[in-house]
Amino acid sequence: MTASTNHFIGKTAFYIFSGIALLLQFSASGQIGFSPITHNSLKESASIEAGQNLSHLLNSHQRSNADPTIIELSVPSGGQLNYCIDIPFLGEEFASMTDTECTATAFTSLVIEENCITIIAGNIGNDIQTDTICLQMEGTEGSLFDYILILDIRPVRSLPFVDDFSYSGPFPHPEYWTDKNVFVNYTFGKNPVSIGVATFDGLDKNGAPYGGGMGLSDVLTSTFIDLTEGIANQCFLTFYLQKGGNSYVPSSGEDILLEFKASDGEWVEINRYEASDFPDSDSFYFQQISVNPVYFYENFQFRFSNFNEGTGIQASWNLDYVKLANEFQSNLQFENDIAFTQLPSSVLEQYTAMPLGHFVDFEAQELASDLDIHLFNHFSGRRQADPSQLQIKEKMTGQILLTETLLEVPPVTEENQRDLDPGRHHFNNDIQNPADLLTAMVNLAQSAEDQLIIETQYTFQQNEEQIPELMRNNQVSRETRLSDYYAYDDNTAELGMQITAGIGPLPSMAVRYRSNVSDTLRGISINHPRVESGETNKRFRLKVWGASLEDEPIYRSENINPIYVDTHHDSLQGFTTYSLKSELTGRDTAIFIPAGDFHIGWTQVSRGSSGVFVGFDLNNPEKTKHAYWNNGAFWHPMEEVVANWRGALMIRPIFSLEQPITTSVVNREATPEPLTLFPNPASNYLRILNHRTIAYESHYQILSINGAVLQQSRIIDKEIDISFLSS
């Protein structure tokens, strides 16, 4: 499989003006390339947030010289789990393993036998509960290894088991799945059968590649399911699979595996799906597996896993509409469900976001006049989606701006949109009461101070749908921000786009925007997806042009390196913010932009086989018309240069009263964590959670509520004895 697709421009180009053909000669100094992404900032950000809850244990439990090893396990409610920890010692024998009792367990008990444990869970009801256990393993020569076990005690689900991934993610819903490796999203699936897919993207739960060459990567494991209710010859696991979609297509060996867990705890391969089994990468293919009665036991699980090179999103599989149930209909592909398959369109005609000050007084020209609606009827016959509703509101205040019927019938529309035949449907409807929306938006925008978040929501009802998970996809919503920046994209990059500089003149890329008012441009935000190592050494220049790209840029930065927010984490939504700086002084500057068209972009400075990568959003294909490529001599519309890819470049101009802050260049690893104490309340000892970040010869004081010093000393350990203090 090729890691990137490159589109070369030859040395000759024809232009036609007023019927006269002109032959222009120029040197092809570079190329445009699209590459798979090797990092997911959404996953990483969510993982860091979840990991912060473990920071007190990671620091307070450490007794050996190495950080504790974290092991996450799932245990069925009322059941038990046997687990053995690999013996880590080199050159010495295992001596013992003990429970260091770093926390009190509320839902489990523990039996330790050598390096193995038996976890016994109580009955917990309908909610997932968590216990934490700290273990220490000791070798015969005194070596110590610490472990933190995160135990999720999960209720056992009854049939049917259904998940269509119609939620925002980025992780699978914990009520259905026990791990977090796949990417739940609205964007990587192409022509999905229900809104949202689970993408086997080759990135772990931290959003990073697995490494290590070809092998198993993403795993999606179901929670515990009571299959004692299974009926022989009528119990089926069904799902839809797509290879590639809005990403790169798997090649030979990059398969996806389905396994069932036997009653003895062993995983059994049921089927292996190869890319060659699925002819079209734009389509989802229905799969069905008859469940053998040998698996009809109380704590059954199944799992999917894919094989990957371990270098990033080189090959993707999209999973949708997973169902395990007793089926009685003759054709299993039909389901009692009507689903939205895409998010609503933006409330804006041209943009997915724009500055509030550029929207005020231009509401009529900026508001969208129509709606894109995508539905799929999974019933075997015609069914009704009615009543339906379009609602537009301001999210922060809850103010309703417009409410009207979403799906119409003649004479309002040409066809009956409420009675749907089986299959896929796409409607483009005019907003029925545009004057009402305009009036509400004008009043709201005129009184707003800094930003508005406009939520567009589609809903419908279907009376025959009985499974709660199948009712979830009857509602979809999208946010449109009126803040301080313009955007054409949906916040998620499916690919990374680059321009490369060869031996000739330096190439450039530009994106056209239109400012409604004269304003001050103070910054540019760029989504820099991770694609390959060494990217921070690439040099580029930010540039701003006026209405014509043939004129000289009105701003150019000094040569700069890309900054990646997955490393530094101080920019929203995975975008790096670059404050405009004077090329001469390096100080903050601003550019006056008159009303009308302007362009922002960059020139690739570093020469070589790859350039600075910018996120490319495939879910807004019509926005390609705003992008232009310069080979070092002439400008070309991107849609004419690149035939196979359509989308929005994820680069945004920022207009604001104050200078935006450039994303930090200080690694978060080099920034000490705030000092924290644990537990709270405490009776015998206070543990210092970030003991390793404390400077040598640091001291502490404990004061009474009246300010009297009760205890003070130098910090020589990560524990402070407070047992002799009064309550």
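Using a Förster distance of 60 Å, how high is the FRET efficiency between Leu677 and Phe328, based on the Cβ-Cβ distance and rounded to 0.05? So the FRET efficiency works out to roughly 0.50. Between 0 and 90 degrees, the angle of helix 434-447 with respect to the longest Cα principal axis of the chain falls at about 70 degrees. In terms of its C-alpha gyration tensor, the range 117-257 has an oblate overall shape, because the principal axis ratio a/c (a ≥ b ≥ c, square roots of the eigenvalues) is not below 1.5 and a/b does not outweigh b/c. Magnitude of the charge dipole for the range 123-258, about its Cα centre and with charges confined to Cβ atoms of Lys, Arg (+1) and Asp, Glu (-1), is about 540 debye. Remark: Arg424, Arg530 ranked as Arg424, Arg530, counting other beta-carbon atoms within 10 Å and listing the fewest first. For the range 575-660, the spread of Cα coordinates along the three principal axes comes to 40, 31, 25 Å, biggest extent given first.
Hey, got the dipole for the chain? About the Cα centre, +1 on K and R Cβ, -1 on D and E Cβ, debye to the nearest 20?
Details: 43 positive and 92 negative charges, 422 e Å.
The calculated dipole for the chain is roughly 2020 debye.
Label positions at Lys395 and Asp421, each projected 7 Å from the Cα along the C-beta direction, are separated by 3.7 nm. At R0 = 30 Å, how high is the FRET efficiency between Asn559 and Asp450 if r is their beta carbon distance? Nearest 0.05 is fine. According to the calculation, E is roughly 0.35.
Across the range 161-333, the volume of the C-alpha convex hull divided among the residues equals 108 Å³ per residue. Here the range 345-483 has an Rg and Dmax of 16.3, 51 Å, counting Cα atoms alone. In straight-distance terms, cross-link reach from Lys261 covers every one of the aspartates and glutamates whose alpha-carbon lies under 12 Å from its own, apart from those fewer than eight places away in the same chain; here that gives Glu269, Glu298. Principal-axis analysis of the Cα atoms of the chain puts helix 41-51 at an angle of about 30° to the longest axis.
Pairs of Cα atoms in the range 577-623 fall into 10 Å distance bins, from 0 up to the last occupied one, in shares of 16, 33, 40, 11 percent. Its DSSP H runs of at least 4 residues, each contributing -39,500 (n - 2.57), put the calculated 222 nm mean residue ellipticity of the chain at -1500 deg cm²/dmol, to the nearest 500. Ordering Asp617, Asp255 by the number of other Cβ atoms within 10 Å of each residue's own Cβ, fewest first, gives Asp255, Asp617.
Placing unit charges on each Cβ (+1 for Lys and Arg, -1 for Asp and Glu) gives the chain a dipole about its Cα centre, and among Leu437, Thr223, Phe340 the Cα reaching farthest toward its positive end belongs to Leu437. A Förster radius of 41 Å, combined with the Cβ-Cβ distance separating Asp588 from Ser251, puts the computed FRET efficiency at roughly 0.30. Cross-link pairs exceeding 23 Å in C-alpha to C-alpha distance, out of Lys243/Lys323; Lys395/Lys543; Lys190/Lys623; Lys543/Lys623, comprise Lys395/Lys543. Cysteines in the chain that lack a partner Cβ within the 4.7 Å cut-off: Cys235. Here the residues Trp629, Trp645, ranked from fewest to most Cβ neighbours within 10 Å of their Cβ, fall in the order Trp645, Trp629. Annotation for the range 153-209 versus the range 77-144: alpha-carbon center distance of 29 Å.
Every number in this text was worked out from the coordinates using simple rules, so none of it is lab data. Everything numeric here is computed off the predicted structure, so don't read it as measured data. When we count neighbours, we look across all protein chains shown, and the Cβ atoms used for this are built from the backbone with ideal geometry, even at glycine.
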